[in-house]
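Asker: So that we are looking at the same thing, I have put the structure below in structure tokens.
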Amino acid sequence: AFRFGLNVGFNEDKQDGVEGQAILDPPYYPTPTMNESDIDGHQEAHTYAVFVHLIHEFPVRDRVAIFGEIGPAFRYSRSKYLSEYVYGYSSPVFVWSDERRIERTAAMDLALGFEWFVSKRISLGARYGAFAGYKWGGLNYDRGSNRVDGTGYQREYDNRDTKGVVSGTSRATVTLAAYF
């Protein structure tokens, strides 16, 4: 039998807090000066995968089976990280960061798992596997700083293409399958 599927993942983090710094350079030595700055950050990631697997089941009991599956998969992931904060020196400095990544992967998947058939055509189960493939994508980031009073400016940016070979194990996945 063949199994067609779609996996979707989403992660989002909001980051707020305070960062403390001790300035030890003269004229603050031997008594350091402490500065604190508020940090505001946002990180999110999206992952999508489609696959077509050849599956072979081995019945264990009336409604329980173990299975092995193999087949191609295509994955697409996109992530971004944005942050801003102000260093509290005598001349405060505003710092920002904007980092974005896109990756595409064409891979071959191999997995083992089990299923419990709730009905003749619907099952609950779990699977765990490995994959190997080729990935390509890009990285874009823009980081910089300037004094709050408008003087001084520093910027670093990078736009690059990435590619390479990837392999690893998949996460253990709980499945709900419908058979037609």
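The values are calculated or read from the model by the stated rules, or taken from the named source; none is laboratory data. The shown structure was predicted, so the numbers you read here are calculated from the model rather than taken from an experiment. Note that each Cβ is placed from the backbone with ideal geometry, even for glycine, and that neighbours are counted across all protein chains shown. What goes into the accessible areas is simple: the full protein's heavy atoms, side chains included, and nothing from ligands, DNA or RNA. Shrake-Rupley method; radii C 1.70, N 1.55, O 1.52, S 1.80 Å.
Asker: If r is the Cβ-Cβ distance from Q43 to S119 and R0 is 35 Å, what FRET efficiency results, to the nearest 0.05?
Answerer: Computed FRET efficiency for Q43 and S119: 0.30.
Asker: Compactness ratio of segment 86-180: Cα Rg over 2.2 N^0.38 Å, N = residue count?
Answerer: The reported ratio for this selection is 1.91.
Asker: In whole Å, how far is the Cα centre of segment 72-112 from that of segment 147-180?
Answerer: Computed from Cα coordinates, the inter-centre distance equals 4 Å.
Asker: Once phi is turned into ³J(HN,Hα) by the Karplus curve 6.51 cos²θ - 1.76 cosθ + 1.60 with θ = phi - 60°, what whole-Hz value does each residue of segment 108-117 show in order, with x for glycine and proline?
Answerer: 10, 9, 9, 8, 10, x, 9, 9, 10, 7
Asker: Run the reach check for K14 against lysines, Cα to Cα strictly under 20 Å, same-chain hits fewer than 8 apart removed. What comes back?
Answerer: K80
Asker: May I pose another question? Give the Debye-formula value of log10 I(q)/I(0) at each listed q (0.19, 0.24, 0.26, 0.30 Å⁻¹), with one equal scatterer per alpha carbon of segment 111-154, two decimals each.
Answerer: -0.80, -0.90, -0.95, -1.04
Asker: Considering all projection directions equally, how large on average is the shadow of the alpha-carbon convex hull of segment 27-113, in square nanometres?
Answerer: Projected over every direction and averaged, the Cα hull of segment 27-113 covers 11.3 nm².
Asker: Between A132 and F10, how high is the FRET efficiency from 1/(1 + (r/R0)^6) when r is the Cβ-Cβ distance and R₀ = 25 Å? Nearest 0.05.
Answerer: Calculated transfer efficiency: 0.50.
Asker: While we're looking at this one, here's another question. Leaving ligands, DNA and RNA out of it, report the carbon-plus-sulfur percent of the accessible area of segment 1-111 at a 1.4 Å probe.
Answerer: Here it works out to 58 percent.
Asker: At L24 and I102, where each label point lies 7 Å from the Cα along Cα→Cβ, what is the point-to-point distance in nanometres?
Answerer: 4.5 nm
Asker: For labels at Y153 and D62 in the simple 7 Å Cα→Cβ model, what's the distance in nm?
Answerer: Here the answer is 7.7 nm between the modelled labels.
Asker: When you have a sec, figure out the Kirkwood radius of the chain from all distinct Cα pair distances and drop it here in Å to one decimal?
Answerer: Radius from the Kirkwood sum: 20.5 Å.
Asker: Could I ask something else about it? Take the alpha carbon atoms of segment 136-180, find their radius of gyration, then divide it by 2.2 N^0.38 Å using N residues; give the quotient.
Answerer: Relative to the rule-of-thumb radius for its length, segment 136-180 sits at 2.33.
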